[in-house]
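The values are calculated or read from the model by the stated rules, or taken from the named source; none is laboratory data. Bear in mind the structure is a predicted one, so any value in this text is a computation, not a measurement. Ideal geometry is used to build each Cβ from the backbone, glycine not excepted, and the neighbour counts take in all protein chains shown. The accessibility values were calculated without ligands, DNA or RNA, using every heavy atom of the protein model including side chains. Shrake-Rupley method; radii C 1.70, N 1.55, O 1.52, S 1.80 Å.
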Amino acid sequence: MSTILLAVETSCDETSAAILQDHGTVLAHVIASQAATHAAYGGVVPEVASRSHLEALPSVIGGALQSAGLRADEIDAFAATTSPGLAPALLIGASVAKGLALGANRPFLAMNHLEGHLLSPFFGLAEPPAHTAMIVSGGHTLLFDVTGFGRYELLGRTLDDAAGEAFDKVAKLLGLGYPGGAEIDRLARTGDASRFDFPRGMQASPDLNFSFSGLKTAVRVFLERGFEEKDLPDICASFQESVVDVLVSKLRRAAKQKGRTIATLSGGVSSNGRLQARAKERLEREGIELRLAGPELRTDNALMIAYAASLHLAQGLVSSPTADIRPDFDPVLLCR
Ligand code: KG4
Ligand code: ZN
């Protein structure tokens, strides 16, 4: 039997709703970004995010229903991201989705944002294959071994800054605005990555953890000595190469250790051109296939939440309508 699911994502600064039929038929997907609002503050302000979600949700959900040509009572289940994320932001999306579920007398699914990113490269499949998964976003850098839906082993994580956070902090130091990951990617395309030698934190350590705060400090100290506008592409390329080197070598090592033939990159930083090219080249040499999520599934979005929810729903894993938010959810808890 076919099922139609509506998911809401409000964990950070994107207000998004998606309507998904089964695991892969997209009936609607709406994303309203608040990035411009937060850019003025140089980062996401939780209370501003929460007020903006409240303002945007009626038209985001209404717009999704309208473009799918459906009424709320024609939806079979409602999902929302309830962990991890900014507490006041999570509360808005979760409360609205629970209200819709109660009003339509349908099940509610409390979803994990990280599982949304993790599964996004397999959008449409009824079961993800065994693989090594790397989530690289503004808030997380995580490495998992996955043997199927719900079977996740946490292999490594960042001990300080996330990869996207490092991009954003360095972009801020360079005066490139917020969030600046995509701008560094763009400038680096014409730069010489071998010109400046920045540290590769924990690349040689035997574990699969990451550290990017030393790299950020090294770039800051370097910039304090003064730099010229014309050096920007080389600085961006050299910084980016340090991040990419560490990510790719640990992704490759994790896949080899577990004997996996598929590896994924998900989250906002997986849009980085150099990361994609280097990962593809290094992995293919070892007979490992790289899978990425489609562009609209990389940064925060409700469609990846709807897809993860569709896998939960297929197994009857619905939540209590009183399920609480868990803003500080530790990714190790995903590993049951
Ligand atoms: O997954 P996401 O939307 O949010 C979180 O869940 O955190 O990721 C946003 C992050 C930001 O840090 C942004 O700078 C980064 O992804 N990002 C990029 C690129 N596009 C987005 N970083 C490097 N290169 C890119 N092309
Ligand atoms: Zn995210």
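So, in Å, what gap is there between the alpha-carbon centers of the stretch 127-146 and the stretch 1-77?
With the stretch 127-146 and the stretch 1-77 each reduced to a Cα centre, they are spaced 23 Å.
Give the share of C-alpha pairs in each 5 angstrom bin for the stretch 35-145, from 0 to the last occupied bin, in whole percents, shortest bins first.
2, 10, 15, 18, 20, 17, 12, 6, 0
Can you give me the P(r) profile for the stretch 25-74? Cα pairs, bins 5 angstrom wide beginning at 0, each as a whole percent.
With 5 Å bins starting at 0, P(r) equals 4, 19, 23, 18, 13, 11, 8, 3, 0.
If you plug each phi of the stretch 168-179 into the Karplus form 6.51 cos²θ - 1.76 cosθ + 1.60 with θ = phi - 60°, what whole-Hz ³J(HN,Hα) values come out, in order, with x for Gly and Pro?
Result, rounded to whole Hz: 5, 5, 5, 4, 5, 4, 8, x, 9, x, 10, x.
Please give the Cα centre distance for the stretch 203-231 versus the stretch 149-199, rounded to the nearest Å.
Cα centroid to Cα centroid, the span is 10 Å.
How big, in percent, is the set of alpha carbon pairs in the stretch 187-336 lying more than 25 Å apart? Can you show the working numbers first?
Values: 5084 of 11175 pairs.
Value for the stretch 187-336 (Cα pairs over 25 Å): 45 percent.
Can you give the relative contact order of the chain as a percent, counting alpha carbon pairs under 8 Å and 6+ residues apart?
Numbers: 741 pairs, mean separation 79.8, N = 336.
For the chain, the relative contact order is 24 percent.
Kirkwood Rh, the chain, all Cα pairs: how many Å?
Result for the chain stands at 20.3 Å.
As an exercise, identify the GluC sites (Glu not before Pro) in the stretch 175-284 lying in DSSP coil whose Cβ has no more than 15 other Cβ atoms within 10 Å. Display every interim value, and only then the final one.
Details: sites: 183, 224, 228, 229, 241, 281, 284; in loops: 228.
Answer by residue number: 228.
For the stretch 105-114, just list the computed ³J(HN,Hα) in residue order, Karplus coefficients 6.51, -1.76 and 1.60, θ = phi - 60°, integers in Hz, with x standing in for Gly and Pro.
Couplings: 6, 10, x, 10, 10, 8, 10, 9, 4, 5 Hz.
Quick check on the stretch 25-182: of the DSSP beta bridges with both residues there, what percent are antiparallel, nearest 5%?
Working: 12 of 17 bridges.
Of those bridges, close to 70 percent are antiparallel.
Within the accessible area of the chain, what % is carbon and sulfur when the probe is 1.4 Å and the other protein chains stay in place?
Whole-percent figure for carbon plus sulfur exposure: 52.
Just the Cα atoms of the stretch 91-215, one point each, no solvent: what log10 I(q)/I(0) does Debye give at q = 0.11, 0.15, 0.16, 0.20 Å⁻¹?
-0.57, -0.92, -0.99, -1.18
How far is helix 46-68 tilted off the main Cα axis of the chain, in degrees rounded to 10, range 0 to 90?
It works out to around 60 degrees.
Cut-off under 12 Å on the C-alpha distance; same-chain residues fewer than 8 positions from residue 172 excluded. Which aspartates and glutamates are left, in chain and number order?
183
Tell me, what is the per residue accessible area of the stretch 112-187 in Å², probe radius 1.4 Å?
Accessible area per residue: 30 Å².
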